[in-house]
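Here's the structure we're looking at; comments come further down.
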Amino acid sequence: MKSIESILFEDYQVEPAALMEVAGRSVAEQVVSLANPKTVGVVAGKGNNGGDALTCARFLLDRGINVKVFSLESSVRLTYLLDEGAVVCKDIKQLQDCDVLVDGLFGYGFRPPAGEAYATLINEMNALSLPVVSIDMPSGLPAEGMVEEPIVQAELTVFLGLPKVNAVTGLGLMRSGRFVLDGLGYGRFLESHAESLAYSIESTDAEKIMASGIAMPYHKREAGLVSVVAGSEHFPGAALLVVKTLLLMGAGLVYIKSDQHVEELVISEFPQVVRGDGPGAKVIGPGLEDVSLALSMAATDFPKVIDAGGLRSEVLEHAKNAVITPHEGEAARLLNTSVEEVRRNRYNAAKRLYERFGHVVLLKGPGTIIYDGQRWLVIPINEPRLATGGTGDVLSGLIGFFLSRGMTLADAAVSAAYLHAKCASEFSTGLNLNKFIERIAESWWAHYDR
Ligand SMILES: NC(=O)C1=CN([C@@H]2O[C@H](COP(=O)(O)OP(=O)(O)OC[C@H]3O[C@@H](n4cnc5c(N)ncnc54)[C@H](OP(=O)(O)O)[C@@H]3O)[C@@H](O)[C@H]2O)[C@@H](O)CC1
Ligand SMILES: [K+]
C-alpha cells in the first residue's frame, strides 16, 4: 500500500513546498488572531516543521511584525528572513521579550526520546511562560506510540492535514492546548485515505450516531428499560445520579437493585423506579461495594455498562455483552501495571484491556478513548470539569440509556462520552451535578424539536 504522502506527491503532483506555504500562512494567521503580537519568537528545527515555522515567520514579517528566530539550521528561508530584518537568537532566553512563541522544533518526524540537548531546549521554551502556538503538534510529542515528557505546552496547536493520534488524548491533548485543524486543502482526501485506526470524533459524527437513539415510543417499553445495580452505604448518591440521568434522558422504565437502604432512598426520591432487577440494559457498578451483586448481574446477555465497583477481574471475566469504563487508575489495576504506564500509551492500554477481557473499553481521561476491538474512537475534548466525583456515575447512566435504545456498545459509549464532555464544557463554573444532568438531558431532548 502506497503511503498517503506518496499518493499526494507522486500521483497528484502536489508540491511539498506549496503545502509548506499554505501551512506557514495558516499558522501566521492563527498567531495574529491569538495574540495580535508586536514581536514573535520563532523556534525552527531541522525538518519540515522548522520549514513551516520559517515560512510562517515570513508572513509575519510581511505584516510588519517583529520576528526573532532561533533556528537549528541555516537555510535560504532563514537568509531571506535576516535580509528582511528578522533577528537571529542563539539562546532561547533571548526570546523572553516576545509576545508569543511559534513552536516549529519537531512535527510528526520526531522520534523519542528527545535526548538531553533537545529536552533542555523544550524545557527552556516552557520556562519562558509565553503563549505558544505549536505547528502540527507540540514539540516532543511523537505522532504515535509512547508519550514522554518533556513536551512543549502549547496554548494553541495548528494540526496540519490531519490530527495526529497522540495529540487528541491524554498528555498529548493537554499539551496541545486548544487546537485548530487546517487540512491544507486536502483534509477530506487525507481523512478518507488515512490508514490510522484511531479516529477523532467530531461533533457531526457524534450527532449522527446519537440520532439512532431517538425513539418515538408508543409504550414505556419502547422508550428503554434499564436496571441499575449501584450505590452502597458509603456511596448512596451514585445510585441517585445514575437513576436521575436515566429518567431525565427519557428511559421508559428504571429498576434499582442495591442494598435495602439505597433502594428505599432511590424510590423516595424517584417514586416511578421499580425495585429489583428487570429486563433490558444494565448499569452495573457506580458506588457499588457488594461485588456479589455485580457478579450475579454481569453474566446476563443484556447489554450493559460496567463501571467503578464492578471493575474487578472476576466480574469482567464473567461478564457478557459489556462496555467497561475505567479511569486510568482502574485500568492500571486491571492490567496489573502502573498509572504512569497507562498514561504513556492510552491507546495500547485500551487495547490490552479489550484483549484481556473481551469487552468494549471506554478509557476515561482527557480525550476519552473507546476501543471496540477494531478501531479507537477518540473524543478529543479535555474537560477539567469532568475530573470530579460523580461525573462517572452520570456517564454510566448515559451509556445505559443509549444501550436501552438499541445502540451498539461502541455507539452508546461514543454518544455518552461526547454528550457528557460537550455539556460539561458549556459550564462557566465547576459542575453542579444536578444541573449537569439537566443540561445533558436538555441537549438530548433538543434533538426531538428539530
Ligand atoms: N508531509 C506533509 O504532507 C506536510 C508536512 N509538513 C510539515 O512537515 C512536518 C514533518 O516534517 P519532517 O518529516 O521533516 O519532520 P520534523 O517533524 O520536522 O522533524 C524531523 C527532524 O527532527 C529530527 N529528529 C527527530 N527526532 C529527533 C530526536 N529524538 N532528537 C533529535 N532530532 C530528532 C530529525 O532528524 P533526523 O532523525 O533526520 O536526524 C529531523 O531533522 C510536519 O509535522 C509538518 O509540520 C507541512 O509542511 C505541510 C505538509
Ligand atoms: K511543533
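The values are calculated or read from the model by the stated rules, or taken from the named source; none is laboratory data. No experiment lies behind these values; they were computed from the predicted model shown. Because the Cβ atoms are built from the backbone with ideal geometry, glycine has one as well, and the counts that use them run over all protein chains shown.
Identify all residues within the stretch 45-85 that are assigned to a loop (DSSP other than H, G, I, E, B) and either buried (at least 23 other Cβ atoms within 10 Å of the Cβ) or within 16 Å of ligand 2 (Cβ to nearest atom) (or both); write none if there are none.
So the first thing to find is which residues in the stretch 45-85 are assigned to a loop (DSSP other than H, G, I, E, B), and the list is 45-47, 63-65, 72-75, 84-85.
Listed by number, the residues that qualify are G45, K46, G47, L72, E73.
Pick from S176, S212: which is among the polar types (S, T, N, Q) and either within 29 Å of V342 (Cα to Cα) or in contact with a His (Cβ under 8 Å, 6 or more places away or on another chain) (or both)? Let's see the steps before the verdict.
On the way: S212 fails: either within 29 Å of V342 (Cα to Cα) or in contact with a His (Cβ under 8 Å, 6 or more places away or on another chain) (or both).
The unique qualifying residue is S176.
For the residues M174, M216, the requirement of being closer than 30 Å to P279 by Cα and either loosely packed, with under 15 Cβ neighbours inside 10 Å or out of contact with any Asp or Glu (no Cβ under 8 Å at 6 or more places or on another chain) (or both) singles out M216. Please work out if R221 is assigned by TED's automatic domain parsing to the domain that holds V378 and either free of Cβ contacts under 8 Å to residues at least 24 places away in the same chain or more than 16 Å from ligand 1 (Cβ to nearest atom) (or both). So R221 passes the test.
Of the residues D393, D411, which is within 19 Å of P286 (Cα to Cα), acidic (D, E) and crowded, with 20+ Cβ neighbours inside 10 Å? Spell out the reasoning first.
Details: D411 fails: within 19 Å of P286 (Cα to Cα).
Going through D393, D411 in turn, just one is within 19 Å of P286 (Cα to Cα), acidic (D, E) and crowded, with 20+ Cβ neighbours inside 10 Å: D393.
Under the condition of being touching a strand residue (DSSP E or B) at 6+ places or on another chain (Cβ under 7 Å), without any contact (Cβ under 8 Å) to a residue 60 or more places away in the chain and assigned to a loop (DSSP other than H, G, I, E, B), the residues counted in the stretch 262-281 number 5.
Inspect all residues belonging to the stretch 214-224 and state whether any of them is farther than 26 Å from R346 by Cβ and modelled with pLDDT of 95 or more. No: the stretch 214-224 contains no residue that is farther than 26 Å from R346 by Cβ and modelled with pLDDT of 95 or more. Only one entry of V152, V147, V158 meets the criterion of being within 18 Å of the chain's Cα centre (by Cα), β-branched (V, I, T) and in a loop (DSSP other than H, G, I, E, B), and that entry is V147. From the list T245, T169, the lone residue that is more than 16 Å from ligand 2 (Cβ to nearest atom) and outside the structural domain of L293 (by TED's automatic domain parsing) is T169.
Would you mind stating whether I381 is under 15 Å from the mean Cα position of the chain (by Cα) and crowded, with 23+ Cβ neighbours inside 10 Å? For I381, the condition - under 15 Å from the mean Cα position of the chain (by Cα) and crowded, with 23+ Cβ neighbours inside 10 Å - is not met. Selection over the stretch 1-29 of residues that are in a helix (DSSP H, G or I), closer than 25 Å to S74 by Cα and more than 7 Å from ligand 1 (Cβ to nearest atom) gives a count of 10. Looking at P138, P163, can you tell me which residue is in a loop (DSSP other than H, G, I, E, B), modelled with pLDDT under 95 and crowded, with 24+ Cβ neighbours inside 10 Å? Just one listed residue meets the conditions, P163. Taken together, the criteria exclude S134 from residues that are more than 17 Å from the chain's Cα centre (by Cα), more than 12 Å from ligand 1 (Cβ to nearest atom) and either hydroxyl-bearing (S, T, Y) or over 22 Å from N36 (Cα atoms) (or both). Evaluate the following for A308: is it out of contact with any Asp or Glu (no Cβ under 8 Å at 6 or more places or on another chain) and small (G, A, S)? Against the criterion (out of contact with any Asp or Glu (no Cβ under 8 Å at 6 or more places or on another chain) and small (G, A, S)), A308 does not qualify. Scanning the stretch 370-410 for residues that are in a helix (DSSP H, G or I), of a type in the set (D, E, K, R) and farther than 22 Å from L247 by Cβ turns up just one, R385.
If you go through the stretch 88-123 and keep only what is surrounded by 15 or more Cβ atoms within 10 Å (Cβ to Cβ), closer than 27 Å to V32 by Cα and hydrophobic (A, V, I, L, M, F, W, C), you end up with C89, I92, L95, C98, V100, L101, V102, L105, F106, F110, L121, I122.
Do any helices (runs of 4 or more DSSP H) lying entirely in the stretch 309-362 carry at least 3 residues that are over 21 Å from V229 (Cβ atoms) and either not aromatic (F, W, Y) or not assigned by TED's automatic domain parsing to the domain that holds A230 (or both), and which ones are they?
The helices (runs of 4 or more DSSP H) meeting that bar are 328-335, 339-344, 346-357.
Taken over the stretch 203-213, the criterion of being surrounded by fewer than 17 Cβ atoms within 10 Å (Cβ to Cβ) and either in a helix (DSSP H, G or I) or in the same structural domain as V168 (by TED's automatic domain parsing) (or both) is satisfied by S203, T204, D205, E207, K208, A211.
Every residue in the stretch 227-258 that is in a helix (DSSP H, G or I) and over 19 Å from F302 (Cα atoms), please. Result: P236, G237, A238, A239, L240, L241, K244, T245, L247, L248, M249. Set side by side, the residues V40, V22, V31 differ, and just one is among the β-branched types (V, I, T) and surrounded by fewer than 24 Cβ atoms within 10 Å (Cβ to Cβ), which is V22.
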